[in-house]
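Down below is the structure, laid out as structure tokens.
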């Protein structure tokens, strides 16, 4: 069981288990909770161990700013991706994708178009991952009632590829990164 150390929002808490601190994600894990409450393992969707204290502080500050709906959106995308890919993704995707989606929506709302220089490559060479990205755009549209640019599907796909535990995807992502850097 986890002992709650800090409630970041209704879906994310900082918790401790066996002397190790975790950032814990789960639907409603922080709802009506108090510091030092015990959190059953069954309510935890993912747990993430920050690499060092400075990274933990950065993540906590970032997650404190992000509305919980973005964690819900990320959870839907990740669960769908894991089902489609038939693999568990690295838990770090919950933080990185949530953070990315939040800022993508902020950019959209402030009319800042960044585009994506690897859109075509992602769509062509990673069609399954790109489809997951498109699924993510649909979740965002249904949840937030906004339509992000289609290029954002490639960005979501990039996060899914990075979180994949399959070694072949890790090797291929280096190719995509090199293509991206050449442009």
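The values are calculated or read from the model by the stated rules, or taken from the named source; none is laboratory data. None of these values were measured; they are calculated from a predicted model. Heads up, the Cβs are rebuilt from the backbone with ideal geometry, glycines too, and the neighbour counts pull from every protein chain shown.
Annotations
- Pairs with Cβ under 6 Å, 6+ apart, first in segment 131-142 and closer than 17 Å to residue 105 by Cβ, second not in a helix (DSSP H, G or I): 137/148; 140/148; 141/147
- Single residue of segment 7-40 satisfying the filter (crowded, with 20+ Cβ neighbours inside 10 Å and touching a residue at least 40 places away in the same chain (Cβ under 8 Å)) that is nearest to the chain's Cα centre (by Cα): 25
- Residue, modelled with the highest pLDDT, within segment 57-104, restricted to residues that are part of a loop (DSSP other than H, G, I, E, B) and buried (at least 17 other Cβ atoms within 10 Å of the Cβ): 89
- Residue match in segment 105-118 (condition: surrounded by 13 or more Cβ atoms within 10 Å (Cβ to Cβ), in a helix (DSSP H, G or I), touching a helix residue (DSSP H, G or I) at 6+ places or on another chain (Cβ under 7 Å) and without any contact (Cβ under 8 Å) to a residue 40 or more places away in the chain): no
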